[in-house]
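Contents: one structure, followed by commentary.
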Amino acid sequence: MTDWDNIDAGEIAKFESMAAYWWDTNGVLKSLHDINPLRLKYIDDRSPLYAKRVLDVGCGGGILAEAMARKGARVKGIDMAEGPLQAARDHAAWGGFEIGYRQSTAEAFSRKHANEFDIVTCFELLEHVENPTSIVAACARLVRPGGDVFFATLDRNLIAGLFAIIGAEYVLRLIARGTHQYRRFVKATELKHLAGEAGLTCRNLTWMNYNPFTKRYFLGKTGRVNYLIHFTKSF
Ligand code: SAH
């Protein structure tokens, strides 16, 4: 399989169509804005971001990338959707952040930039590709020995399917219909295995839960749907 085979044109088109609304905190990507403080804190607590060289894989319009830059990290972001990348560049320029945004796959980028980053983040991307294995392997190549890799994705089990698709897309309308395909969800156990094969050791698994009554997200030791996972690369 080549790098380009791992891109689903339909998925990229979906994100292209959201470019103009990426930074609308009450728009189609509201949920990404809502979860951002939690995921930023998770990363920063486990590997302080200040002055670190960080690569955000599948950065989209830069919600996470820019928040990490605000913490003092030296951030680069890659994505395959040009519209969201432009939204990311415009937003960073407006806020005075120097973030290098480039159109690339993780696989292609990893060939030229192996071991270059202290931290690699890849959030809400794995559930949108056919072959998560090659992206996980690319993230492992990109991080330096001893560095940290963080993923966030959706676990594949019946409860997750019900909550993430029926609940979030249809009942609560937290995210746009058609955002997710159940078969692409990645079980935490599978991700640990894939990452292990790529030379990464799991340090922590934390679940991100949503309370529909308070309309708030919170992190916990248990959960079934969204998770954050932290790995380190051995020396
Ligand atoms: N990580 C960001 C955006 C998540 S949305 C955040 O959490 O805030 C998923 C992003 O992944 C989209 O911007 C989409 O264009 C990108 N994407 C999907 N498939 C990709 C691939 N194969 N390579 C790089 N980016 C991809």
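A few points about this structure:
- At most 16 other Cβ within 10 Å, DSSP loop - GluC sites (Glu not before Pro), segment 73-159: GLU98, GLU130
- Of all beta bridges that DSSP places with both ends in the chain, some 55 percent have antiparallel geometry.
- Apportionment of accessible area to carbon and sulfur, segment 68-112, percent (1.4 Å): 48 percent
- Segment 101-165 and segment 185-235 have their alpha-carbon centroids 12 Å apart.
- Our summary gives segment 107-161 a relative contact order of 47 percent, counting only alpha carbon pairs under 8 angstrom and 6 or more residues apart.
- Cα gyration tensor category, rounded, prolate or oblate, for segment 67-180 with a/c compared to 1.5: oblate
- Of the cross-linked pairs LYS14/LYS41; LYS192/LYS221; LYS76/LYS112, those separated by over 22 Å at the C-alpha level are LYS14/LYS41.
- Rounded to the nearest 20 debye, the dipole magnitude of segment 1-100 is 600 debye, with +1 charges on Lys and Arg beta carbons, -1 on Asp and Glu beta carbons, and the Cα centre as origin.
- A simple charge model with +1 on the Cβ of Lys and Arg, -1 on the Cβ of Asp and Glu and nothing else charged puts the dipole of the chain at about 740 debye relative to its Cα centre.
- CD proxy at 222 nm, helix term only [per DSSP H run n ≥ 4: -39500 (n - 2.57); per residue of the chain; nearest 500]: -10000 deg cm²/dmol
- Average accessible area per residue (Å²) across the chain - probe 1.4 Å, nucleic acids and ligands excluded: 47 Å²
- Cα-centred dipole magnitude for segment 89-202, charges only on beta-carbon of K, R (+1) and D, E (-1), debye, nearest 20: 220 debye
The values are calculated or read from the model by the stated rules, or taken from the named source; none is laboratory data. Keep in mind that what you see is a predicted model, and the values were worked out from it rather than measured. Positions of Cβ are backbone-derived with ideal geometry, glycine not excepted, and every protein chain shown enters the neighbour counts. For the accessible areas, the whole protein counts, side chains as well, though only heavy atoms, and no ligand, DNA or RNA atoms are used. Shrake-Rupley method; radii C 1.70, N 1.55, O 1.52, S 1.80 Å.
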